[in-house]
Amino acid sequence: MKKITLLLFMFTAFSYAQDKPNGTTLEEYNYMTKGYKIQISSGLDVKKGYVINDLVRRDTGQYVFDFKTFHRSKNGTLAGIILVATSKVWSNVYYLAIPVDNDVLFDDFNSKVELWDEAMTTSYSNVSSRLMSALFNFNWENDRKKLKK
């Protein structure tokens, strides 16, 4: 549980550190958790006004975690991160949304992750920690390059 709490803190800190003017709305959150699944299974287009990009996919052997960014087309701001988590053990697929700057929706996200068994949450913690490390390193490297100019 401590790993998940730390991980969620890091995601929240990263969201705030990115200077986002608008947090995830309930409509965006619902699309990421429900509409995206319908879109994929029906071959529909992405919700109008948004862009989805692959961020990273990690296969741990028993679980697959697929992270995708969900951006607003109008201004390019991040509306959230779509997480498609697949348990090869139970053949379950979970569609979750990691919101930006919205504590209420973040609590909902957290409550869904807490329903997973310990093995899946441990794998998720490992994958997410590695992702956060890479993202922070990327931002640090970009900031460092700007300072050198």
Sequence order, the stretch 27-44: Karplus ³J(HN,Hα) from phi using 6.51 cos²θ - 1.76 cosθ + 1.60, θ = phi - 60°, Hz rounded, Gly and Pro as x, gives 4, 5, 4, 5, 5, 5, 8, 10, x, 4, 4, 5, 4, 5, 6, 9, x, 7
Whole-Hz Karplus couplings 3J(HN,Hα) for the stretch 61-78, θ = phi - 60° and coefficients 6.51, -1.76, 1.60, Gly and Pro as x, run x, 9, 9, 10, 10, 10, 9, 9, 7, 10, 10, 7, 5, 4, 10, x, 6, 6
The extension gain from Asp66 to Ala134, computed as 0.36 nm times the residue separation minus the Cα-Cα distance, is 22.9 nm
Each label sits 7 Å from Cα toward the beta-carbon; between Ser42 and Asp107 the label points are separated, in nm, by 3.2 nm
With a ≥ b ≥ c from the Cα gyration tensor eigenvalues, square-rooted, and the rule rounded for a/c under 1.5, otherwise prolate when a/b > b/c and oblate otherwise, the stretch 30-147 is oblate
Residues whose modelled amide H sits under 5 Å from the amide H of Ala97, counting only those 5 or more places away in sequence or on another chain, are Leu83
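Laboratory data are not the source of any read-out in this text; all were calculated from the coordinates shown. Note that the structure is a prediction, hence the values are computed from the model and not measured. Neighbour counts run over all protein chains shown; Cβ positions are idealised from the backbone, glycine included.
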